[in-house]
Amino acid sequence: MRMSAAGRAELIRREGFRTTAYRDSVGVWTIGVGHTAAAGPPVVKAGMKISKQEVDVILSRDLEKFEKTVNTVVEKPISQGQFDALCSLCFNIGPGAFARSTTVRRLNAGNFKGAADAFMMWVKPPALRRRRLGERQQFLDASQAQRVIAAADAADAIDEVVTADYLRLAGSRTIVATDRVKVSVGGVVAAATAASAAITQAGDVVAQARDLAGGFEAGAGLLDLARSYWPLAVIGACVVASAWFAWRAWAGAMMAELARVDDANTGVNTGR
């Protein structure tokens, strides 16, 4: 892991940003973002000046050592925010002290809250107390965020019950075609039921059909014939409706079969 841009910004706020050499709280010549001769080149001397670009280059070079230390001594998986807070602490107290710290020992034991509290063991001189409080809170905030993410990941790991409504919204042609089959089959059943009721009313359907034909030949009016033989009209309509719904059911079944291939190619889960 490497320190994030947000972590670097927080570190710069804590350490300060100087392009001219100065003595820190214990009298050590410092420049840039907390850079001292102990961190490596350049050696800081009185009157030394560097550009803002050089400050950034030196900081990146200095951070490599502290990032490597945190990556090496911390055994538990940590989030980016936790890593940034630990790097800030390591940057301030040094790699050796950090590796032997109670913070690392508790962290590797899985005690994240205790590890955060152990930041406060490093408050000498007292002026560092505010910084330690900030680093501790940064670590705790990142720990809370990690728990939220872990909970979300655990929830995502549970198999989702994919409903037909979900698949419709997802654009599954298979589901649309299956719905068409269901509606069409329902239409066939309804038409057949209506035809059965009409047949009951008509009695002898063949005899009534013969009488109806005779009425036409005799020149009887259509209205009179409809009043007398309306069950036959209902039966005829039901037969036509049944045939139409049956055709739609067959077409829908064929569509569903072909659509499974389309759904698979487009990544839509058909639930099969």
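The values are calculated or read from the model by the stated rules, or taken from the named source; none is laboratory data. Since this is a predicted model, take the numbers as computed values, not measurements. No Cβ is skipped: glycine too gets one built from the backbone with ideal geometry, and neighbour counts run over all protein chains shown.
Points worth noting:
- Evaluation of THR30 against the conditions (1) closer than 21 Å to ARG129 by Cα; (2) among the polar types (S, T, N, Q); (3) touching a residue at least 40 places away in the same chain (Cβ under 8 Å) shows that the sole unmet condition is (3).
- So ALA46, is it in contact with a strand residue (DSSP E or B) (Cβ under 9 Å, 6 or more places away or on another chain), of a type in the set (A, V, I, L, M, F, W, C) and modelled with pLDDT under 90: no
- Here region 87-101 is the region considered, the condition is being among the aliphatic types (A, V, I, L, M) and over 11 Å from LEU11 (Cα atoms), and the residue that is surrounded by the fewest Cβ atoms within 10 Å (Cβ to Cβ) is ALA97.
- Of all residues making up region 14-45, the number that are part of a loop (DSSP other than H, G, I, E, B) and aromatic (Phe, Trp, Tyr): 1
- Residues (part of a loop (DSSP other than H, G, I, E, B) and touching a residue at least 60 places away in the same chain (Cβ under 8 Å)) located in region 86-101: none
- Selection count where residues are over 45 Å from the mean Cα position of the chain (by Cα), in contact (Cβ under 8 Å) with a residue 12 or more places away in the chain and within 19 Å of ALA127 (Cα to Cα), scope region 4-27: 3
- Looking across region 46-85, the residues that are among the hydrophobic types (A, V, I, L, M, F, W, C) and assigned to a helix (DSSP H, G or I) come down to VAL55, VAL57, ILE58, LEU59, LEU63, PHE66, VAL70, VAL73, PHE83, ALA85.
- The test for being over 19 Å from GLY96 (Cα atoms) and out of contact with any Ser or Thr (no Cβ under 9 Å at 6 or more places or on another chain) does not hold for GLY47.
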